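Each remark here refers to the structure printed beneath this line.
Read-outs: derived from the displayed coordinates by stated rules, not from any lab. Every value quoted in this text rests on a predicted model; they were computed, and no experiment measured them. All Cβ positions, even for glycine, are placed from backbone atoms using ideal geometry, and neighbour counts span all protein chains on display.
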Amino acid sequence: MKNTILLLFFMLVMKLCAQNSSVSGKVFFKLDSSALPGATVLISGSEIGTQADYDGNFELSGLNQGKYDIIVEFVGYGKDTIKNVVLKKNSDLHIDLGLPSGPCYQFTDSNKCPIDGSSKNVIPIIYGLPGKKLMRKMKKGKIKLGGCEVTGCEPNWFCVRHQKEF
Ligand SMILES: [Zn+2]
């Protein structure tokens, strides 16, 4: 009996002290995928933050489970907030953070290419893991896949002729 109570107490303490979740990944420049050493990664509304290392990798550890907004910032490149990142207990979430050039894309719902104003060679950019249907469309060149890193600052369209995202 005594042992059981001790065990329960121990488990409770373990639970209260469990701040073992972490977020790690890489900060990169979206236009050429190069690493951004020295970029700042912060948990919004907290003192928790770090800087990306020489290879652009970062890790924020000792976090509680919960929902976080993660801010990534690099002088000269821009700033972005990834909202509602859910951390499970004792987990390591891997997330790659792509920074756009400047504060944000001037993204728009208009599919007219900013270079010549034509929508003729413009295809939509689709994010997330594509299914079979989208893969077929991509092979036909009807869509462009934007990948799984979503920063909230994504371009919506791609001009095939000028190789420009907007
Ligand atoms: Zn164009």
Burial ranking of peptide ranges 42-55, 130-143 (average Cβ count within 10 Å, highest at the top): 42-55, 130-143
Amide H contacts under 5 Å for Ile143, placed H, 5+ residues apart: Met138
Amide H contacts of Ser91 (H built 1.01 Å from N, under 5 Å, at least 5 apart or other chain): Ser21, Ser22
Summed residue charge, Cβ within 9 Å of Pro37's Cβ, Lys/Arg positive, Asp/Glu negative: -2
Peptide ranges 157-164, 83-90 listed from the most packed, as the mean C-beta count within 10 angstrom indicates: 157-164, 83-90
Peptides ranked, highest mean first, by Cβ atoms within 10 Å: ranges 33-40, 61-68: 33-40, 61-68
Overall Cα dimensions of the stretch 18-99, principal axis frame, Å, largest first: 37, 22, 18
